[in-house]
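S.K.: Could you have a look at this structure, given as structure tokens, before my questions?
The values are calculated or read from the model by the stated rules, or taken from the named source; none is laboratory data. For clarity, every value in this text was computed on a predicted model and none was experimentally measured. Positions of Cβ are generated from backbone atoms using ideal geometry, with glycine treated the same way; all protein chains shown enter the neighbour counts. To get the accessible areas, we keep the full protein, side chains included, count just its heavy atoms, and leave off ligands, DNA and RNA. Shrake-Rupley method; radii C 1.70, N 1.55, O 1.52, S 1.80 Å.
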Amino acid sequence: MTATAAEQHDPALRGAHAQRWLILGVICLAQLTVLLDNTVLNVAIPSLTDELHASTADVQWMINAYSLVQSGLLLSAGSASDRYGRKKMLTAGLALFGVGSLAAGLAQSSGQLIAARAGMGVGGALLITTTLAVVVQIFDDTERVKAIGIWSTVSSLGFAAGPLIGGAMLNHFWWGAIFLVNIPVAAVGLIAVLRLVPESKNPSGDRPDLAGALLSTLGMTAVVYAIISGPEHGWDSGRVLLTAFAGVAVLTGFVLWELHVPHPMLDMHFFRDQRFTGAVAGAVLVAFGMTGSLFLLTQHLQFVLGYEPLEAGLRTAPLALTVVVLNLTGLGARLVPRMGTPATIATGMCLLSAGLAAIALLGGHGYGGMLLGLVVMGAGIALAMPAMANAIMSAIPPERAGVGAGVNGTLAEFGNGLGVAVLGAVLNSRFAALVPGAVGTASLPAALAVADGPGVRADVTDAFASGLETSQLVGAAAVLAGGLLAAALLRRAERARTD
């Protein structure tokens, strides 16, 4: 049998790589670099609010500038890694991410930090797509689900370690140190990638679709801007409505462009496969619930319950540690063949939704109910995430693994940004509706600073806690609806293949 052109240039396509488990360790280290930055910022919200005089909207943009740039470039980065070499893109991503982290750590204003975070998103886009693409290339079908499960476990470790590392550093250093910690991790990852990771590419792959990347980034940014600015300017204001309309129009233009361009960033024909569409819906909602919840939880723990940054980081850790423990036992990988992908994803999403609801209803005035919710959320994520990543990658040809990884990463980052924007907007709207009229509502610290007397301050804190509860319940409803939709589409796709 004659090898395909892609196989001739990419030996990994012909079978499992001999050093695959060592390479997986290197890949996971590179992935950890990005994921630390996704969560480390959350525990710094009070410090940023105080030292940079950042409003709640500013903090949302500090988080979302990274997510939006990353999600807008991920698909083009996936195409570039397929065509020009996954090792090259992984190396470039680590270098860019390290430089961006240095700029963020030295920022002197909210605007500078937002710009630096956007720059870090470029490096993050190259990293996220390439890590999963390399995993898919070096493992065969018999080990791929297990390898993706380990890859997801490292994602959860980054999710857990970010708040812990950030909290520990904030106890001894200024807030900029939480970004500088990325630099040694990036340096070690860069050396390991250069020495161990084999080059793989598909020279006949599509050229990166830069116009599509620009359209998708502008469209998503406009939509998120409208969501974030809605509570401040009013949902019926001309600024919000015009921005939302522009965002939808640009995203519509993106879809039309992708349907007609010879080498699309996102092949819209993928959506004809209901496995792909179902997994897409679930992936967005898992990221939505997980990141939006952490954004809210760290504020609740510090602003409402009065914990220090390290204490807050320790109290969010059970979510990620539950995911790590369950993934290391291989629970998700064992359940997929027994229960099937649809049932596994549905079960995981229902648990994630139940955990969010438990935090909202039981965690308002103490940590016990919050701990229960975090553990239940972690169990749901451990079941749903590996099954969804495998479903997405299985619906895409192996020679387009970079594009597939880009799709998976784009959905996760867009879900991250959407979770922070939507749940943050719900929080701000509820807070503004309940807080006494004489108190400013740009942020909780600002409102408390001008509150007149302990009674008013108590009302302000209660209003913020009510906003957090409402936001968590909105997140729980969205995750539950998305999980049921994803399971239904995946079930229908399985039946169609067997008919």
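S.K.: Given the conditions (1) open to solvent by 10 Å² or more (accessible area, probe 1.4 Å); (2) within 15 Å of Gly189 (Cβ to Cβ), which single one is not true for Thr131?
M.R.: (1)
S.K.: I'm told Gly363 meets every condition in (1) open to solvent by less than 10 Å² (accessible area, probe 1.4 Å); (2) under 30 Å from Leu266 (Cα atoms) except one. Can you identify the failing condition by its number?
M.R.: Tallying (1) open to solvent by less than 10 Å² (accessible area, probe 1.4 Å); (2) under 30 Å from Leu266 (Cα atoms), Gly363 fails exactly one: (2).
S.K.: Would you be able to tell me the number of residues in the range 122-137 that are within 15 Å of the chain's Cα centre (by Cα) and more than 19 Å from Tyr66 (Cα to Cα)?
M.R.: Adding up the residues that qualify gives 1.
S.K.: Between Arg334, Arg315, which is modelled with pLDDT of 80 or more and among the basic types (Lys, Arg)?
M.R.: Only one candidate passes the filter, namely Arg315.
S.K.: Only residues that are open to solvent by less than 40 Å² (accessible area, probe 1.4 Å), modelled with pLDDT under 75 and more than 11 Å from Val135 (Cα to Cα): list them for the range 2-33, please.
M.R.: Hits for the range 2-33 are Ala3, Ala6, Asp10, Gly15, Ala30, Thr33.
S.K.: Could I ask something else about it? Identify, please: which residue in the range 93-115 is in contact with a Ser or Thr (Cβ under 9 Å, 6 or more places away or on another chain) and open to solvent by 10 Å² or more (accessible area, probe 1.4 Å) and is, among those, nearest to Gly189 (Cα to Cα)?
M.R.: Gly98
S.K.: What single numbered condition from (1) under 25 Å from Leu418 (Cα atoms); (2) at pLDDT 75 or above; (3) open to solvent by 10 Å² or more (accessible area, probe 1.4 Å); (4) under 22 Å from the mean Cα position of the chain (by Cα) fails to hold for Gln302?
M.R.: Failing condition for Gln302: (4).
S.K.: For Ala320, are the conditions met, namely being in contact with a Phe, Trp or Tyr (Cβ under 6 Å, 6 or more places away or on another chain) and open to solvent by less than 50 Å² (accessible area, probe 1.4 Å)?
M.R.: Here the answer is yes, as Ala320 does meet what is asked.
S.K.: Shifting gears a bit: In the range 170-188, how many residues are in a helix (DSSP H, G or I) and within 20 Å of Ala118 (Cβ to Cβ)?
M.R.: Looking only at that region, the number is 6.
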